[in-house]
Amino acid sequence: MKNIHINTNITAFESPSELPEEDLELVEAAKEACSKAYAPYSRFNVGAAIRLANGVIVKGNNQENAAYPSGLCAERVAMFYANSKYPDVAVVGIAIIAMNDDGILKNPIAPCGSCRQVLLETELRMKQEFYTLLVGATEIYKIDSSAALLPLSFTGEGLKRKKP
Ligand code: THU
């Protein structure tokens, strides 16, 4: 028997002013996307902004539906759009922010498991790690890769069938 330890390195910024300028720009883009979310049922608005290697910033927000499971998280709205429009362009980073009736969440938002899985697949597909900025009112967390954001992940290894 042995113990396996998985470590996640998080850089915690205590104020947006500590961020490099390009990250600050991404946070502002996520905030702007957040303000346009369609979340009448949860009243929990989420915004995501993705910086691509070609310099384009793609934004997305959560889109809810009266048939609840038909809605989609902000991260996947943004990432699927980025991947559909720029299928060969790698992602450099993503910023995520959430607001409820009290304003920006105090703690950095933690993306749901399904979104982490989608971020990871993009990273694997592009063969290039990208960072995530998890924005909160008091702190911003930066995590260097999607693999670090989803330890012990399902990567699809073993999924491909042998050719008949
Ligand atoms: N949501 C996101 O957009 N991203 C997350 O990472 C967590 C949850 C959305 C889904 C739903 O519209 C609302 O937040 C409440 O769960």
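Observations on the model:
- Of the residues making up region 147-162, those that are touching an Asp or Glu at 6+ places or on another chain (Cβ under 9 Å) and under 14 Å from THR11 (Cα atoms) number 1.
- In region 59-75, residue farthest from the ligand (Cβ to nearest atom) [restricted to those that are touching a strand residue (DSSP E or B) at 6+ places or on another chain (Cβ under 6 Å) and outside any loop (DSSP other than H, G, I, E, B)]: LYS59
- Contact map, region 42-53: residues that are under 11 Å from ALA95 (Cβ atoms) paired with residues that are acidic (Asp, Glu) and in a strand (DSSP E or B), Cβ distance under 9 Å, separation 6+ or inter-chain. No pairs are found.
- Of the residues screened, TYR41 is one that is over 17 Å from the mean Cα position of the chain (by Cα), of a type in the set (Ser, Thr, Tyr) and farther than 30 Å from LEU152 by Cα.
- Scan of region 76-90 for residues that are surrounded by 12 or more Cβ atoms within 10 Å (Cβ to Cβ) and part of a helix (DSSP H, G or I), ordered by number: ARG76, VAL77, ALA78, MET79, PHE80, TYR81, ALA82, ASN83
- Where strands (runs of 3 or more DSSP E) fall wholly inside region 91-164, the ranges with 1 or more residues that are more than 14 Å from the chain's Cα centre (by Cα) and surrounded by 12 or more Cβ atoms within 10 Å (Cβ to Cβ) are 91-100.
- Residue list for region 38-58, restricted to those being part of a loop (DSSP other than H, G, I, E, B) and either within 8 Å of the ligand (Cβ to nearest atom) or over 22 Å from PRO108 (Cβ atoms) (or both): ALA39, PRO40, TYR41, SER42, PHE44, ALA53, ASN54, GLY55, VAL56
Every number here is computed from the coordinates shown, using simple stated rules; none is lab data. Note that the structure is predicted; figures quoted are calculated from it, not measured. Because the Cβ atoms are built from the backbone with ideal geometry, glycine has one as well, and the counts that use them run over all protein chains shown.
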